[in-house]
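The values are calculated or read from the model by the stated rules, or taken from the named source; none is laboratory data. Predicted model only: the values in this text are computed from it and were never measured. All Cβ positions, glycine included, derive from the backbone under ideal geometry; neighbour counts span all protein chains shown.
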Amino acid sequence: MATLKVNGKTVSVDADENTPLLWVLREDLGLTGAKYGCGIAQCGTCTIHIDGQPVRSCTYPVGALSGEEEITTIEGLSEDGSHPVQQAWVELDIPQCGYCQPGMIMAVAGMLNNTPDPTDEDIDAQVTNICRCGTLARVRKGIHLAKTKKA
Amino acid sequence: MADTIKLSRRNFIVGTGAAGLTIGILASCSNNSEDAPDADQAANAEPNPEVNAWVHIAPDDTVTIRIARSEMGQGTLTGLAQLVADELDCDWEKVTTEYPTPGENLARDRVWRDFSTGGSHGIRSSVDYVREGGAVARAMLIQAAANQWDVPVGECTVEKGVITHGASGKTLRYGEMAEAASALPPPTGVKVKDPSEWKIIGKPVKRLDTPDKVTGAQKYGADLQMDGMVNAAIKQAPKRGGTLASFDADAVSSMPGVRKVVKVDETAVAVIADKWWQAKTALDALPVEWADGEGADYSSAAFEAELENGLTADDASVGNMSGDIEAAFANAAQTIEATYRVPHQNHACMEPMNATAIWTEDKCEVWCPTQNGEAALGAASEAAGLPIEQCDVYKLLLGGGFGRRGMSDYVSQVVKIAKQMPGTPVKLLWTREEDMQHGFYHPTTRARCEGALDEEGNLTALKIRIAGQSILAGLMPQALQDGMDPFTFQGLLPSGTDERVEDQTLKYTFPALKVDHAMRNPPVRPGFWRGVNANQNAVYLECFMDELAHAAGKDPLEFRLAYMGDNPKLAAVLKAAAEKSGWGNEDGKSRGLCAFYSFGSYTAACAEVTVDDAGQLKIHRIVAATDPGYAVNPQQVDAQVAGSFVYGLSAALFEEITFENGEVQEKNFDTYNSMRLRDMPEVETIVMPSGGFWGGVGEPTIAVATPAVLNAIHAATGKRIRNLPIKDQSLRDA
């Protein structure tokens, strides 16, 4: 039994300590916003925040958490979809199939926590998620738009 | 258990066990998701009055437009809703959508017609009947109002869902008239609007499905949770042609959460557990023996010899031939030749294959992302061993399709598994490794191109010999014509010979031409992969046109235009892309062109690249022009065109599936890479619909992505890259 703080709430889960955090979120907590895409931390569609830092949850064992960390998923990024990145994503109509977008948005929001005014080089280095449909051109525009917005 | 799942025809609610949450899942998208009806109400309420099959209108004026085609990111859901809504003259802000089920379609004599969503047909093949559906519903609503007022229909007008009687100024809302309208006989001979009258079609409206896609609220097949649901992980024979010999269920049956270990069919085994991660963990630990079959020794490297043989073999089918080829080559001042190669590629949809099913002795229901709802229903019925009337499929939005989800292998599998746990909802989710190893791969082909030039550098004859795999031979051999796969020649076919492939014809006119195909099929199942055969045919044609232009000492733009005289629309997109890119500019960037016609649309691209001294490629910008005839939603056409460079150039740069001893070697994104932001050029799109025809949008631009970049690499380095992917090639000679 592990205790976690997820989206501001303390929850208990009954999962083997080797279970990746992604599957605890999805299967034990019903938070299916973070997606499974590769299971080897390559594609980024499982990205969530731990203490504000973007983390690929598909390879992060739940047993590595102390229970004190603040875990944030896409469901907890904002109460009403009003996080600056979400606003920008709606304004530019970025998602296509949308499956990668929760991870993409969390990766971008995490980057902005660390680098509020990223250059294109910062973006290239810090947002390495895969999108197969092909939203990448709008994603870059969305990042530059998001950094001008307030929550 | 199953009876706690409340099902209406298209909406269902499900409870998550562990967290005790109740999540409403509506396979619908609304302009105002906060106004979406509460799931419980939706499940229990009477359906809104159905004006006709395409249109339901609720008393509060919410217009529900029924969409038969699948949304997989390409924007078809919104585009089709625009088409109906415009003819209906309803308030776009009150539009919502829903999927009818394939079972309903069959029960209603296929009133919604074709559910299959591929070949960039989603909109272009539906435009007439969905617009007519909207127009007929409009006529019925106005008639109902005219009847109520006892005035002639001709005295009534409608705007944004409000019907007005001109003389009296009286008004009625669609929501008030829907029930009366639904009782009227549908009129015949209703005309759709002239394009000049469009108010919603042709406008850059926002997608209906965006709000839920930025909050995590959108539920995909992989996200489904139902009370009592169990989860299955599957392992399929890793070698081509392999079968399941044996497995030791006892070795894992006591692992956490494991319910059952089952043989799925002759080729696969699955573990069923309470949670998917438990199922997957147990499956990894399961001892399994496989038996070899035909294909167990297949290797990509060895197959290259067969492709090579096909480049000169006599057993070829002719796809397009005109003029006196032999005389042209005999009299040529110069002949040149080049050979190209395109490997197998996997779709690699971001959402791995999945489906959920409940099977009982008299009913089988499946929830799944599919590009072909009716084929999925057929597969479910067959696997269930039940008549099709006792089965149905509930479609979910796809986490990527690209042609992969036109196949129903995962639907059959989930039903075969669910059949072994009657009454229990079973969700099957593939691992990424299964997805990479068990795709329906883009076929591998090579081509040998030969050109004859006269003294003035004019092209007098062109020969393209394609050698390699046929998709139709692998998937639907009954569609072969005297052993020939006409679709192999996509984009290279003659005009005016077969209207079924008129949208895939060559738009150059050459003095003499021969395109033929020597079929060489490896034991690898092929598939329709976004853009399909246009992708490699554009490489063969348009890279070779570039080579010919250089051999002729001519400008590649002018050289191409010289043979487009009969096809000004292709010339127009090429010129537009070249001009906006600054073709001929000396600004340190090297440019490459490509123009191609496929899926009924004219596309062109100009790529701007640099290659440093170490051979490192940087694609700075792509200018892409497309003429799809009509652009239902220009901002979504832009999204598809820009996105095509992600999908197309990911393949060009990185993607190759290889086999050794019958087994796929690239099992995940670490060895089968896809473009990231750092690789992505700026894309400037020129959407230039010229009217008068309906072309596809989701696929045609893929074809121009790779040739434009390869031609730009040559402009930068003087080196021709004729073998893909680019990552394995040295861009500068050592």
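Overview of values
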quantity: Flag for B:GLU351 being farther than 30 Å from B:ALA512 by Cβ, within 14 Å of another protein chain (Cβ to nearest Cβ) and not polar (S, T, N, Q); calculated: yes
quantity: Test set (1) away from chain B (no Cβ under 11 Å); (2) over 17 Å from B:GLN278 (Cα atoms); (3) under 14 Å from the mean Cα position of the chain (by Cα); (4) not aliphatic (A, V, I, L, M) - A:THR10 fails condition number; calculated: (3)
quantity: Failed item, numbered, when A:PRO20 is tested on (1) away from chain B (no Cβ under 11 Å); (2) in contact with a Phe, Trp or Tyr (Cβ under 8 Å, 6 or more places away or on another chain); calculated: (1)
quantity: Count of region B:463-505 residues which are of a type in the set (Ser, Thr, Tyr) and assigned to a helix (DSSP H, G or I); calculated: 1
quantity: Residue in region A:23-56 that is farthest from the other protein chains (Cβ to nearest Cβ), counting only those that are part of a helix (DSSP H, G or I) and of a type outside the set (Asp, Glu); calculated: A:LEU25
quantity: Selection from region B:210-232 of residues that are at the interface with another protein chain (Cβ under 7 Å from one of its Cβ atoms) and touching a helix residue (DSSP H, G or I) at 6+ places or on another chain (Cβ under 7 Å); calculated: B:THR210, B:PRO211, B:LYS213, B:VAL214, B:THR215, B:GLY216, B:GLN218
quantity: First in region B:649-672 and over 16 Å from B:SER300 (Cα atoms), second anywhere and modelled with pLDDT of 95 or more and of a type in the set (Phe, Trp, Tyr), Cβ under 9 Å, 6 or more apart; calculated: B:ALA651/B:TRP529; B:PHE654/B:TYR672
quantity: Test: B:MET255 is within 14 Å of chain A (Cβ to nearest Cβ), closer than 29 Å to A:CYS97 by Cα and either among the aliphatic types (A, V, I, L, M) or part of a helix (DSSP H, G or I) (or both); calculated: no
quantity: Qualifying positions in region B:168-185 - farther than 22 Å from B:VAL95 by Cα and surrounded by 14 or more Cβ atoms within 10 Å (Cβ to Cβ); calculated: B:LYS170, B:LEU184
quantity: Residue satisfying condition, being surrounded by fewer than 24 Cβ atoms within 10 Å (Cβ to Cβ), of a type in the set (Asp, Glu) and not assigned by TED's automatic domain parsing to the domain that holds B:MET545, within set B:GLU365, B:GLU361, B:GLU337; calculated: B:GLU361
quantity: Every residue from region B:227-237 that is assigned to a loop (DSSP other than H, G, I, E, B) and within 18 Å of B:ALA282 (Cβ to Cβ); calculated: B:MET229
quantity: Close pairs from region B:304-320: first buried (at least 17 other Cβ atoms within 10 Å of the Cβ), partner among the acidic types (Asp, Glu) and modelled with pLDDT of 95 or more, Cβ under 7 Å, at least 6 apart; calculated: B:ALA316/B:ASP516; B:SER317/B:ASP516; B:GLY319/B:ASP516
quantity: Conditions (1) within 25 Å of B:LYS416 (Cα to Cα); (2) away from chain A (no Cβ under 14 Å); (3) not in a loop (DSSP other than H, G, I, E, B); number of the one not met by B:ALA301; calculated: (1)
